[in-house]
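**Student:** After the structure tokens below, expect a handful of questions from me.
The values are calculated or read from the model by the stated rules, or taken from the named source; none is laboratory data. Since we're looking at a predicted model, the values are computed, not measured. As a convention, Cβ positions derive from the backbone with ideal geometry for all residues, glycine included, and neighbour counts pool all protein chains shown.
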Amino acid sequence: MADELRTFGIGLETAGVACMWLAVALRAPTVIRSHEQRPLWLAVLGAATAVTLHLQWVNDLVFLVTGPTHLTALARNLFGVLTSAAVLDFVFLAVRGRHTYALYRLAIVVMAVLIFLDMTAESHLPHAVHPVAGPSPSTAYWAVLISVNLGTNIVCATACWWYSRASRDAALRVGLRLFGLSAVFSGTYWLLSVAYIEGRYFWIPSVTPLLLGCYAFVRASAICVPIGIATVLALRRLRILYRLWPLWRDLVDAVPGIHLEIRKRGVIFPRWPGSLDLLLYRTVIEIRDAILHLRAYVPEADLDAIRDAIEHGGSPRTETDPLVTACWLRIARQAKENGVSPLRGDLTAPVLGGTDLPGEIEFLCKVAQADALSRLRRIPVTSTIR
């Protein structure tokens, strides 16, 4: 059972490391433009390097090139210390709004101590706690390493949890909590290291790869929070555009002047404006312009007749306005197509839904949904404009 758990943990750790490097690569372009996100990126970069050097097959590859050496393990632990400084810098930057450069100076001091303890220790290869012998390279080395990493993770987890509760920024709140959770996994790993040094419990080496794998996945997720939120928002906008597309297409066909179109083989395509936000905004504006234009083709008497027919049909009160709008738009498009002259005079503006853009988008989505209902075509209206 322990061997199976360890094998699964090593596989999870390898997959987590791959995700960390992917996250580092995806976030690199943004980090170049934003110095505020640099500590977070450096923290994940250092963690990815440290966990990569922890993988046995990576060490085997290094040994093939350099021969057996303890420097790989030393580099892994030095990257871990540097990562700890970058993690705390990110947390304090999110909380206090400014960098804490003293953390990096402290990290350099700790790294110098670790290098000194490693170089002055007896001849050794791995940095490990052996099942029977003492820790390698020395107990003092492991005491410094564990104290720094465990202390950092406790501070990080506590600060992330505390300040994420007070943050109003959803992305920052999620990022802090994921970072705090990764610190919990890392802190548990170092606590088990203390327990193994003291008691040599046989089950601990089987659990630690699983903890590092969870740590890698969660920390990679933390750096990708902005990408995740942007993806969710993009999918939401695409869904809205998909719902509005049939209504937009029909209105542009009826009132071509509202749209700067691209015609290809007789089909109208929207000219891509550069972003989904702008495309959605322009789609709403064009639909609204078409509605205002088509209003001149429906007399007030027809609007009253349509509303009476829909209200007597038992439609919910909240759905009445979208149904009425969809119905008279269909009648107006038909009238314009038949060559009916538009009305003149002061025409009451139709209901467009809400006082802001989200409210208007929600209303137009309901209009688009209602426009597809077959029962709207059966509402009897005798137009006085004919």
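**Student:** Taking the condition surrounded by fewer than 18 Cβ atoms within 10 Å (Cβ to Cβ) and closer than 30 Å to Val367 by Cβ, does Val232 pass?
**Tutor:** Judged against the criteria, Val232 is a match.
**Student:** How many residues does the range 25-45 hold that are at pLDDT 75 or above, more than 18 Å from the chain's Cα centre (by Cα) and crowded, with 21+ Cβ neighbours inside 10 Å?
**Tutor:** 2
**Student:** What is the number of the single condition among (1) surrounded by fewer than 19 Cβ atoms within 10 Å (Cβ to Cβ); (2) part of a helix (DSSP H, G or I) that Ser186 does not meet?
**Tutor:** For Ser186, the exception is condition (1).
**Student:** I want to confirm something. Restricting to the range 167-180 and keeping residues that are of a type in the set (A, V, I, L, M, F, W, C) and surrounded by fewer than 20 Cβ atoms within 10 Å (Cβ to Cβ), which single residue is farthest from Pro209 (Cα to Cα)?
**Tutor:** Residue satisfying both the conditions and the ranking: Ala170.
Condition check ((1) touching a helix residue (DSSP H, G or I) at 6+ places or on another chain (Cβ under 6 Å); (2) part of a helix (DSSP H, G or I); (3) at pLDDT below 85) across all residues:
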| position | (1), (2), (3) |
| --- | --- |
| Gly274 | no, no, yes |
| Arg288 | no, yes, no |
| Asp346 | no, no, yes |
| Gly354 | yes, no, yes |
| Ala370 | yes, yes, no |
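**Student:** Then there's this: Go through the residues of the range 116-127 one by one and say whether even a single one is modelled with pLDDT of 90 or more and not acidic (Asp, Glu).
**Tutor:** Checked the range 116-127: at least one residue is modelled with pLDDT of 90 or more and not acidic (Asp, Glu).
**Student:** Just to be sure, is His70 in contact with a His (Cβ under 6 Å, 6 or more places away or on another chain) and in contact (Cβ under 8 Å) with a residue 40 or more places away in the chain? So that I can check it myself, show each step before the final result.
**Tutor:** On the way: in contact with a His (Cβ under 6 Å, 6 or more places away or on another chain): yes; in contact (Cβ under 8 Å) with a residue 40 or more places away in the chain: yes.
Against the criterion (in contact with a His (Cβ under 6 Å, 6 or more places away or on another chain) and in contact (Cβ under 8 Å) with a residue 40 or more places away in the chain), His70 qualifies.
**Student:** If I go through the range 100-128 residue by residue, how many of them are outside any helix (DSSP H, G or I) and either loosely packed, with under 15 Cβ neighbours inside 10 Å or not polar (S, T, N, Q) (or both)? Talk me through it step by step, then tell me what you get.
**Tutor:** So in the range 100-128, the residues outside any helix (DSSP H, G or I) come out as 100-101, 120-128.
If we keep only those that are either loosely packed, with under 15 Cβ neighbours inside 10 Å or not polar (S, T, N, Q) (or both) too, we end up with 101, 120-128.
Adding up the residues that qualify gives 10.
**Student:** How many of the residues making up the range 62-99 are under 33 Å from the mean Cα position of the chain (by Cα) and either loosely packed, with under 13 Cβ neighbours inside 10 Å or not assigned by TED's automatic domain parsing to the domain that holds Ser164 (or both)?
**Tutor:** 3
**Student:** Is it true that Ala195 is over 30 Å from Thr325 (Cα atoms), without any contact (Cβ under 8 Å) to a residue 12 or more places away in the chain and not assigned by TED's automatic domain parsing to the domain that holds Ala335?
**Tutor:** Taking the combined requirement at face value, the residue satisfies it.
**Student:** Which one is farthest from the chain's Cα centre (by Cα), of the residues in the range 129-143 that are assigned to a helix (DSSP H, G or I) and crowded, with 17+ Cβ neighbours inside 10 Å?
**Tutor:** Within the range 129-143, the subset assigned to a helix (DSSP H, G or I) is 139-143.
Imposing the further condition that a residue be crowded, with 17+ Cβ neighbours inside 10 Å reduces the set to 141-142.
On the way: Tyr141: 39, Trp142: 37 Å.
Filtering the range 129-143 for residues that are assigned to a helix (DSSP H, G or I) and crowded, with 17+ Cβ neighbours inside 10 Å, the one farthest from the chain's Cα centre (by Cα) comes out as Tyr141.
**Student:** Got a sec? Which of Ala309, Ala326 is surrounded by 14 or more Cβ atoms within 10 Å (Cβ to Cβ), assigned to a helix (DSSP H, G or I), among the aliphatic types (A, V, I, L, M) and at pLDDT 85 or above?
**Tutor:** On the way: Ala309 fails: at pLDDT 85 or above.
Result: Ala326 is the single residue among Ala309, Ala326 that is surrounded by 14 or more Cβ atoms within 10 Å (Cβ to Cβ), assigned to a helix (DSSP H, G or I), among the aliphatic types (A, V, I, L, M) and at pLDDT 85 or above.
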